[in-house]
1. Provide the per residue accessible area, probe 1.4 Å, for region 103-142, rounded to a whole number of square angstrom.
2. How far apart, in nanometres, would the label points at Thr260 and Leu23 be if each is projected 7 angstrom from Cα along the Cα-to-Cβ direction?
3. With a 1.4 Å probe and every protein chain left in place, tell me how much accessible area Lys227 has, in Å² to the nearest 10.
4. Carbon-plus-sulfur fraction of the accessible area of region 32-90, 1.4 Å probe, in percent?
5. Hull surface divided by four, with the convex hull built on the Cα atoms of region 56-285: how many nm²?
6. When the dipole is taken about the Cα centre of region 7-104, and only Lys, Arg (+1) and Asp, Glu (-1) are charged at their Cβ, what size is it in debye, to the nearest 20?
7. Assigning unit charges at the beta carbon (Lys, Arg +1; Asp, Glu -1) and nothing else, what dipole magnitude in debye, to the nearest 20, does region 24-169 show about its Cα centre?
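The values are calculated or read from the model by the stated rules, or taken from the named source; none is laboratory data. This is a predicted model, so every value here is computed, not measured. For neighbour counting, all protein chains shown are included, and Cβ atoms are generated from backbone atoms with ideal geometry for every residue, glycine included. What goes into the accessible areas is simple: the full protein's heavy atoms, side chains included, and nothing from ligands, DNA or RNA. Shrake-Rupley method; radii C 1.70, N 1.55, O 1.52, S 1.80 Å.
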Amino acid sequence: MSASVLFDAPGPRARLRNNILTLLSVVVLASAAYYVYARFDTKGQWEGEIWKPFLDASTWTEYIIPGLLGTLKAAGLSAVCALIFGAIFGLARLSDHRWVRTIAGAVVETFRAIPLLLLIFFLFFLAPSVFGGGDYTLIALVAGLTLYNGSVLAEIVRAGVWAVPSGQAEAAQAIGLRKSQMMLLVLLPQAVTAMMPAIVSQLVVLLKDTALGYIIAYADLLNMGFKVLPAVYFGSLIPAAIVIGVIYIGLNMSLSALATRLERRTRRSHRTAAGPIVPPGAVGEPEAVGTLT
């Protein structure tokens, strides 16, 4: 009987126990699903009348698709800005100049500590006082997502660079590369490969956090599908929640699949000795301390 380097192959009794536990898990999940289905059926949530709006093309063209485009617009702008913010402040925290590290560290830690919803509210109510009247829902949402997620990405960048073995930096210095050349040509290409899973994980979080625009009445998927649509078609609240949930799942799974494919291509084209980076705050977060020498 073959054995893995991590654990022994299960014997007959262990396989029997695992099969029994698997069967019990399936039964429990199926029972829970049936209970939910039965409760919904009791409340008439499966009646064709309340699902009929989702078979009408106007429901999609007037509510769901515009809301989806609003979500993608906010997510796209926030992702680009957050990546730029994270790259700048992540590298700033690795600077040889203490004052640069101090300022960058203060900015990153401040925006990581502020709850995202509070940050969005603050920007939403501050903008009219500074810039005058207008619709600042998109600006407040994008700015809040950028500052919060950009601060998390800054820590990922710093950890990613420090995950590259010190010998890489020493070799770059030995051939006469300047600090900026060493960072751009040697460390960052290897660090990006190690950072990719954590970056994608944070971008998925960013995409889901666009739903917070619902609080400030931003016309996103949640607002259009879960607030406006049920107000037009009375009784369609639960169907709308199910449809929107499926769309969000599809978006996140598509982003994760794209990231996995990109990561595989990146690893084939750029070999790195750095290990994968865990998002800040997760269990097993790598230490990222000090500065490059």
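1. On the way: 2260 Å² over 40 residues.
Per residue, region 103-142 has an accessible area of 57 Å².
2. 3.0 nm
3. Ignoring ligands and nucleic acids, Lys227 comes out at about 110 Å².
4. Details: 2500 of 3630 Å².
Carbon and sulfur: 69 percent of the exposed surface of region 32-90.
5. Values: hull surface 61.3 nm².
Averaged projected area of region 56-285's Cα convex hull equals 15.3 nm².
6. Values: 10 positive and 7 negative charges, 127 e Å.
Once rounded to the nearest 20, the dipole reads 620 debye.
7. Details: 9 positive and 9 negative charges, 118 e Å.
Charge dipole of region 24-169: 560 debye, to the nearest 20.
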